[in-house]
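Presented below is the structure to which this report refers.
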Amino acid sequence: MSKNFKFQISNFKKGQAVITVVIITLLVGMVIAFGVTEPAVGEAKISRELMGSKKVFAVAEAGQEDVSYRIRSGMDYDTTEILTIGEITATTDVSENVSEATISISTVGEGNRFFRKKGLQMVRGDEINFNYGIQVGNGGFIMQNSSSVRGNVYSNSTVTGVGNYIYGGVASAGSSGLVDDIHATGTVRSHSIVDSTIEGDAYYTTIEDSTVFGTPYPDSQDPSSQDMPISDETLDEWENAAAEGGIISSPCPYNINEEATIGPIKINCDLKIKTQDTVTIAGPVWVVGDISFETGPTVVVDSSFGSRSVVMIADNPANRLTQSIVTIKNTSEFEGSGTEGSIIMLVSRNRSAEDGGTVSAIDLQQSASGDILLYSNHGKITIAQSSSLKEVTGWLIVLKNTAEVIYDQGLASSLFDTGPGGSWNVSSWKETD
């Protein structure tokens with residue numbers, strides 16, 4: 001009897017040991033499982049939070065990009081713009097500092113318990129785009145004698161010649177568009193084409209006595225008018241920048257008879273460059289009167305300007321009908337700073353042609369060559385002698401004799417010494433606290 005009791009006690013103790021081992025094993029397993037699953041749960045939580053934060057960041061960036069695109073494209077925008085995607089909202093505030101020509105864009109993205117902030121700073125650029133060898137306003141483009149253009153021509157009015165060569169394409173805008181007696185090596189787009197030779201394709205409504213070597217496209221849509229690359233507002237700001245460099249009011253006329261450096265400067269009377277020596281332009285020059293190159297000087301951009309360009313403006317706001325004229329009377333050379341892309345732009349704000357008069361705003365009587373661009377968005381430009389120019393833009397342009405315009409591809413993004421060019425560039429873009 002006692003032996004059996006001892007046996008039962010022994011078996012009971014062995015059972016307890018097994019249970020203890022099982023419990024300990026279960027506890028160890030639970031500890032291990034908890035140790036494995038807790039980091040996994042934590043990682044999953046962190047991943048969800050990171051994904052939520054990234055979504056908010058993406059919406060904030062989208063809201064900011066939308067506003068910056070509107071500014072760069074000249075589209076309308078409010079000082080506060082709200083973009084909502086799903087449960088996430090991006091609120092963008094815009095503030096402009098007119099005096100410093102900057103725009104600040106601040107965006108806050110919020111949603112799903114997260115928020116992200118982004119800041120963007122934009123500064124008005126000084127880049128001007130000249131996309132054509134010749135760009136003409138409503139006055140039209142007239143080619144005479146053996147004058148020619150190496151580059152594309154865009155006119156808001158007619159383009160007429162006497163068999164003259166345009167080594168490029170031609171566009172004449174509007175329902176009254178006309179290309180007459182022109183030999184173009186590129187594509188021609190115009191409502192009417194008359195007496196012309198076209199080596200490329202032709203887009204038109206009517207065509208008469210013309211040869212098209214490319215593909216003709218009758219009943220095509222008329223090209224639309226193009227704005228001038230530089231606005232009056234930009235020219236005003238360039239004049240103000242010139243005046244900040246100082247003002248000369250006497251003697252009048254202001255004569256340059258020897259080697260000299262000028263600019264930035266405002267000259268309150270006619271400027272006559274009478275020297276054959278070098279005249280260096282070190283900033284914008286505003287002449288309240290006429291500019292004349294009398295004796296064939298060499299005009300250069302200051303070497304410190306690198307690829308940037310400078311402007312000389314003839315503008316008497318009180319008389320833009322018979323004054324505000326640029327005249328080149330003798331052979332003159334124009335040179336940039338020595339760095340590719342640098343040019344000198346001569347501007348006349350005379351508006352006789354647009355107002356129905358006959359005065360030439362820019363009158364190139366003798367030859368001019370080099371890094372030079374002529375601009376008169378309201379006036380007539382007459383090029384009468386053998387000249388080689390980079391680009392010409394005017395309300396009305398008359399090209400005579402053996403004058404030749406050779407378009408410089410670098411003018412598609414010309415940088416000027418001062419003043420805004422109408423574009424906005426991003427100066428900084430970052431996430432903020």
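The values are calculated or read from the model by the stated rules, or taken from the named source; none is laboratory data. These numbers were taken from a predicted model, which means no experiment stands behind them. Cβ placement follows ideal geometry from the backbone for every residue including glycine, while neighbour counts extend to all protein chains displayed.
List the strands (runs of 3 or more DSSP E) that sit entirely inside the stretch 378-433 and contain at least 3 residues that are surrounded by fewer than 20 Cβ atoms within 10 Å (Cβ to Cβ), modelled with pLDDT of 70 or more and in contact with a strand residue (DSSP E or B) (Cβ under 8 Å, 6 or more places away or on another chain).
Here the list reads 424-432.
If the requirement is being among the small types (Gly, Ala, Ser), free of Cβ contacts under 8 Å to residues at least 40 places away in the same chain and either surrounded by fewer than 20 Cβ atoms within 10 Å (Cβ to Cβ) or assigned to a strand (DSSP E or B) (or both), which of these qualifies: Ser250, Ser309?
Answer to the selection: Ser250.
Yes or no: Gly341 farther than 21 Å from Ser231 by Cα and without any contact (Cβ under 8 Å) to a residue 40 or more places away in the chain?
It is false that Gly341 is farther than 21 Å from Ser231 by Cα and without any contact (Cβ under 8 Å) to a residue 40 or more places away in the chain.
Could you tell me which of the residues Ser73, Ser2, Ser95, Ser10 is modelled with pLDDT under 65 and within 24 Å of the chain's Cα centre (by Cα)?
Ser73
Just checking, which of Thr234, Thr280 is modelled with pLDDT under 95 and either surrounded by 15 or more Cβ atoms within 10 Å (Cβ to Cβ) or assigned to a strand (DSSP E or B) (or both)?
None of the others qualify; the one that does is Thr234.
Select the strands (runs of 3 or more DSSP E) contained entirely in the stretch 109-156, then report the ones holding at least 3 residues which are touching a strand residue (DSSP E or B) at 6+ places or on another chain (Cβ under 6 Å), closer than 30 Å to Glu61 by Cβ and modelled with pLDDT under 90.
114-124
I'd like to check something: does the stretch 172-190 contain any residue that is over 30 Å from Gly52 (Cβ atoms), in a strand (DSSP E or B), without any contact (Cβ under 8 Å) to a residue 24 or more places away in the chain and among the polar types (S, T, N, Q)?
Checked the stretch 172-190: no residue is over 30 Å from Gly52 (Cβ atoms), in a strand (DSSP E or B), without any contact (Cβ under 8 Å) to a residue 24 or more places away in the chain and among the polar types (S, T, N, Q).
Do you know which of the residues in the stretch 358-372 that are among the hydrophobic types (A, V, I, L, M, F, W, C) and either touching a helix residue (DSSP H, G or I) at 6+ places or on another chain (Cβ under 7 Å) or in a strand (DSSP E or B) (or both) is modelled with the lowest pLDDT?
Filtering the stretch 358-372 for residues that are among the hydrophobic types (A, V, I, L, M, F, W, C) and either touching a helix residue (DSSP H, G or I) at 6+ places or on another chain (Cβ under 7 Å) or in a strand (DSSP E or B) (or both), the one modelled with the lowest pLDDT comes out as Ala368.
Please verify whether Thr393 is within 21 Å of Glu239 (Cα to Cα), in contact (Cβ under 8 Å) with a residue 40 or more places away in the chain and not aliphatic (A, V, I, L, M), treating the condition exactly as stated.
yes
Considering only the stretch 267-283, how many residues are closer than 11 Å to Ala314 by Cα and either of a type outside the set (A, V, I, L, M) or more than 32 Å from the chain's Cα centre (by Cα) (or both)?
Qualifying residue count for the region: 3.
Working only within the stretch 193-208, note down all residues that are surrounded by fewer than 19 Cβ atoms within 10 Å (Cβ to Cβ) and either of a type in the set (S, T, N, Q) or in contact with a helix residue (DSSP H, G or I) (Cβ under 9 Å, 6 or more places away or on another chain) (or both).
Passing the criteria: Thr197, Thr205, Thr206.
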